[in-house]
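The values are calculated or read from the model by the stated rules, or taken from the named source; none is laboratory data. Since we're looking at a predicted model, the values are computed, not measured. Virtual Cβ from ideal backbone geometry, glycine too; neighbours counted across all protein chains shown.
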Ligand SMILES: [Cu+2]
């Protein structure tokens, strides 16, 4: 129920009507699916290349070899699927409010790469940034809505806790190692997931309803679809990126 309706009910004095309201809908619906790739998966441009980290010899102590992130295809799935796609509820939750989890999200720097490369976080949730390398990293948040932030972690084992306070989508980069990049989206709800090596996602614990679900990928962009799901049911939402 939106706030407008509620105000109308209250003002007309239909107090008894509140008793007739249905019990709060159960939050047990699931939307899940996969993100497929419909194109030439063997094309050279979709091949992961090793990143040259020789500029800083200490990077290799954290991880011998790191690869490019702009496109990672899961060629062992059928169909071929895409990794690191952030899938989330974009519309349909109305004015519902969700608790901020006490568990932090951790962004690790190890081998001069960010783990995870793409992630979601809830507004007000703690983000812990750690340096697992014997080198200095500079963490540069480039938000659009939250305050810009730039700090360095010169030593291994350093940790910093942050809070993002507004819905936002942005890139994190390192000003020391230009290949380092991570993407963050700040949500006001917990219905988001990132595809892994099976190219699948799952949004659990939804109230029944109709939702606009969006998939975002750093190279292939966004795709949206409307998905309806009933209480205690699972609805499928399969996305396909069809690049040239
Ligand atoms: Cu760095």
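Taking the range 122-156 as the search range and keeping residues that are assigned to a loop (DSSP other than H, G, I, E, B) and within 15 Å of the ligand (Cβ to nearest atom), which one is nearest to the chain's Cα centre (by Cα)?
132
Name every residue in the range 44-66 that is farther than 19 Å from residue 137 by Cβ and exposed (fewer than 15 other Cβ atoms within 10 Å of the Cβ), in order of residue number.
44, 45, 47, 48, 49, 50
Got at least one residue in the range 64-79 being over 14 Å from residue 179 (Cβ atoms), within 16 Å of the ligand (Cβ to nearest atom) and assigned to a loop (DSSP other than H, G, I, E, B)?
The answer is no, given that none of the residues of the range 64-79 is over 14 Å from residue 179 (Cβ atoms), within 16 Å of the ligand (Cβ to nearest atom) and assigned to a loop (DSSP other than H, G, I, E, B).
So which pairs qualify, if the first residue must be in the range 155-174 and touching a residue at least 40 places away in the same chain (Cβ under 8 Å) and closer than 16 Å to residue 59 by Cβ, the second must be in a loop (DSSP other than H, G, I, E, B) and within 15 Å of the ligand (Cβ to nearest atom), the Cβ gap must be under 7 Å, and the two must be at least 6 apart or on different chains?
Filtered contacts from the range 155-174: 174/180.
Which residues, taken from the range 118-151, are under 19 Å from residue 57 (Cβ atoms), free of Cβ contacts under 8 Å to residues at least 60 places away in the same chain and surrounded by fewer than 19 Cβ atoms within 10 Å (Cβ to Cβ)?
Within the range 118-151, 136, 138 qualify.
Among the candidates 189, 177, single out the residue that is under 29 Å from residue 141 (Cβ atoms), surrounded by 15 or more Cβ atoms within 10 Å (Cβ to Cβ), within 16 Å of the ligand (Cβ to nearest atom) and in contact (Cβ under 8 Å) with a residue 24 or more places away in the chain.
Just a single option satisfies the conditions, and that option is 177.
Is there a residue being within 14 Å of the chain's Cα centre (by Cα), within 15 Å of the ligand (Cβ to nearest atom) and part of a strand (DSSP E or B) anywhere in the range 96-109?
yes
Each row is one residue, and each column tells you yes or no for (1) in contact with a helix residue (DSSP H, G or I) (Cβ under 7 Å, 6 or more places away or on another chain); (2) at pLDDT 95 or above; (3) farther than 26 Å from residue 108 by Cα.
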| position | (1), (2), (3) |
| --- | --- |
| 24 | no, no, yes |
| 27 | no, no, yes |
| 39 | no, yes, yes |
| 58 | no, yes, no |
| 79 | no, yes, yes |
| 82 | no, yes, no |
| 87 | no, yes, no |
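From the list 200, 222, exactly one residue is within 15 Å of the chain's Cα centre (by Cα) and free of Cβ contacts under 8 Å to residues at least 12 places away in the same chain. Which is it?
Criteria check complete, one pass: 222.
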